[in-house]
Structure formats: structure tokens, C-alpha cells
Amino acid sequence: MNEVTRSEEGDGYALTEEPYYLPLSDEVELFRAAYEERLPVLLKGPTGCGKTRFVEYMAHQLYRGGASSADRSAVANPLQTVACHEDLSATDLVGRYLLKGEETVWQDGPLTRSVKEGAICYLDEIVEARKDSTVLIHSLTDHRRILPLEKLGTILDAHENFLLVISYNPGYQSVLKDLKTSTRQRFVALDFDYPGEEQEADIIFHESKAEKSISVELATLGARIRNLRHHGFDEGISTRLLVYAGQLITRGVHPIRACDAAICRAVSDDVDVQRAIGEVVSTVFPSE
């Protein structure tokens, strides 16, 4: 389970407990080094491979994880997460005036809160946001570390502990939805991918509480499905869906039915794709 506590202030996460994350390479050390130098970070990888959980884990390590985080422990919500979409504007990130009773009051957006409080601001799937949102972050990703608030006529200097993190899925990029070179070259980039079978089995076991043997079989299933190519299913399935299948199985659902609901029908409406995945499922979980 994801052991983060969401605050009452919208996108903030208090991170009172350490989220589970299994390091796959040197990403923890690289992220920590980038943070100590306040270098903005770009995470690249397919859907459901652990990018968001990694950010949650690192936010806990940096802000709640011991003596080194003592000067940051007072931050109520060390992580502000924004799920980017095509209607997300700069105003959504920075803030806006709202009517409260008979008064007009200013409400900070998640990016402004992070800049003020010294938190991590995580913009998930940044390429989905409007272009004005992307341009907005440029001044926070170089030596200036400032955030212009045009509607207030002020410029905020970023708190010394502030860090900007963005992510996107290269598998879905296109000419219209890709990071410009001028934006990409402002970040330290970390590549993510699905874990190996043994590591994925450990993740499924921990997250779904399924039996170890079931977790191993689900990890095997994930690897085999990802080997399917040129069948309208080029990317494979996420670790998240394998965990969902494991959770259904722990509740007494038969493995084949659990995989049908959590994987086959979840990833595609194409009957041929569903059939191909179902055939792989039947090789891993033979019907009794």
C-alpha cells in the first residue's frame, strides 16, 4: 500500500510514513546528489513503472528521513504533486484570485506553495500541460530560481530547499507532445523502466500481499506480456496492474479471472489484444 498521507491542502502530501520503494539501480543516490545541488530532475519512463512512488520515497528520505533532514522537517507538506493535463494552465500552477464572501482573495497554486515553503513540486506527465505552463518553470530551473507572479506584480525567490521534478512517458511522445530542447536541457534526467522479474516479484509480494509463488507467477506474466510486440500493445503492462491482479487474488478471485479484469480488459478494448494477453495468462495460470 502507498503509505503517504494527503493533507487537506489539495495537492500536498505530509509523508508521515515512509512509502515503499525498491531501488533498481543508483537512482536514489543520483536524486539525492541532484537535490543537494538543487538541480531540477526529469524522470522518464513508461506508465506505472514507479516514477511517482520514487518521488514520494525521495521526498520522505529528504524531508523526514533523519538528521540530514532536520532543517526540512518543519515543512508540513514536503511534496506537491500535479497531474498535468491539456487544460492545465500557468494560473493553475501559480494561483488565482477567488471570491470569498464579498472579498477577493489570492490563493496560491501548488507550484507557488512549494517555492515559498521549500518543498518538492512534482509535475507528472509534463508534456500533457499547456505550453505556457512549461515556459513558466524555466526561471526556476537555472541560476535565478525565481517565480514571477504577474497577477500580483511580484517575483518570488525560491526557498533554499525547493526542488522541481517533472516526468513524462517517452512512449507516448509525438511531434506535438514532446519536451523542447530548451526545456529538456534544464534538467538532470533519470531513466526508469519496468523492473526485472525477481525485483518485480518482490514488489508485487510487498504491495499486494499475495503469496510469494503467486507474485513470482505474476512477474513472469508481466515479462511475457511485455514481449508481445506488433499486436497493438507495444508498451506492455505496468507493475501497478500486476499488483492489482495480486490484490484480487488475495481476496479469493481465481488468478485467471483476476488477470482478465486487472490486465486483459484494463489495458485494451481491442478483442485481438485481449485474446493474445489471455493466451499468455493461460500459460502462466493453467485452468484447473
**Complete:** Applying the gyration tensor rule to the Cα atoms of segment 12-191 (axes a ≥ b ≥ c; rounded if a/c under 1.5, else prolate if a/b exceeds b/c, else oblate), the class is oblate
**Item:** Computed E for H254/E17 - FRET, C-beta separation, R0 25 angstrom, nearest 0.05
**Value:** 0.15
**Request:** Neighbouring Cβ atoms within 10 Å as the yardstick, rank D71, D87, D92 fewest first.
**Result:** D87, D71, D92
**Request:** Report, for segment 81-173, the % of DSSP beta bridges that are antiparallel, rounded to 5.
**Result:** 60 percent
**Asked** Dividing the alpha-carbon radius of gyration of segment 109-221 by 2.2 N^0.38 Å (N being the number of residues), what value is obtained?
**Response** 1.43
**Prompt:** Where in segment 59-157 are there GluC sites (Glu not before Pro) that are in a DSSP coil and have at most 13 other Cβ atoms within 10 angstrom of their Cβ?
**Reply:** E86, E102, E150
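Determine the percent antiparallel among the DSSP beta bridges restricted to the chain, to the nearest 5.
45 percent
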**Request:** Treating each Cα of segment 179-288 as an identical point scatterer and ignoring solvent, apply the Debye formula and state log10 I(q)/I(0) at q = 0.22, 0.24 Å⁻¹.
**Result:** -1.12, -1.30
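Any read-out appearing in this document is the output of simple, stated calculations on the displayed coordinates, not a laboratory observation. Remember, predicted model here, so these are calculated numbers, not experimental data. For neighbour counting, all protein chains shown are included, and Cβ atoms are generated from backbone atoms with ideal geometry for every residue, glycine included.
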